[in-house]
Amino acid sequence: MEELAQIEEGQLSLDVYETTKQLIIIAPIAGVRLEDVNLTVTEDVLTIKGSRKNEFKITDEDYLIQECFWGDFSRSIVLPDNVDTTKINASFKDGVLKITIPKTSGNKTKLIKIKHE
């Protein structure tokens, strides 16, 4: 039986910080075309997926140092409760992806009353 080669996926490096009004995520993705990047939000998880294509014709034997990751990459982060995922904005400039998510004024935490049986 032939073994299928595992496809390695790289992990995207991120900076995440907040201001009083928003959560900001910065992801350097140099060498990636905008059409090769996908952002999704499912419940409270933001996922960034993409692909960095190596268009250089270099064999493994020719490398002296190889630190750059080429191929598919992704990163998922759990978002805090106090952001509004319906109003996410994303921009791409000079190889840097910037995602801004406004904070909500209220807390999404719901108190659940426990019934005595």
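Please determine whether any residue of the stretch 9-26 is part of a strand (DSSP E or B), closer than 22 Å to ALA90 by Cβ and of a type in the set (D, E, K, R).
Quick first cut of the stretch 9-26, residues part of a strand (DSSP E or B) only: 10-11, 15-18, 22-26.
Subset that is closer than 22 Å to ALA90 by Cβ: 10-11, 15-18, 22-26.
Then drop every residue that is not of a type in the set (D, E, K, R), which leaves 15, 18.
The answer is yes; a qualifying residue exists.
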Per-region count, the stretch 46-69, residues exposed (fewer than 15 other Cβ atoms within 10 Å of the Cβ) and not in a strand (DSSP E or B) | 16
In the stretch 35-45, residues that are surrounded by 10 or more Cβ atoms within 10 Å (Cβ to Cβ) and assigned to a helix (DSSP H, G or I) total 1
Subset of the stretch 79-100 that is over 17 Å from ILE26 (Cβ atoms) and surrounded by 14 or more Cβ atoms within 10 Å (Cβ to Cβ) - its residue that is nearest to the chain's Cα centre (by Cα) = THR85
Residue hits (the stretch 70-107; more than 17 Å from THR42 (Cα to Cα) and assigned to a loop (DSSP other than H, G, I, E, B)) are TRP70, ASP94, GLY95, THR104, SER105, GLY106, ASN107
How many residues does the stretch 45-90 contain that are more than 16 Å from VAL16 (Cβ to Cβ) and without any contact (Cβ under 8 Å) to a residue 60 or more places away in the chain?
-> 25
Would you check if SER51 is small (Gly, Ala, Ser) and under 10 Å from the mean Cα position of the chain (by Cα)?
-> no
Based on what the data block shows, is TYR17 more than 13 Å from the chain's Cα centre (by Cα), at pLDDT below 90 and of a type in the set (Phe, Trp, Tyr)?
-> no
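The values are calculated or read from the model by the stated rules, or taken from the named source; none is laboratory data. What you see is a predicted model, and the numbers here were worked out from it, not measured in a lab. Note: ideal-geometry Cβ built from the backbone for every residue, glycine included; neighbour counts use all protein chains shown.
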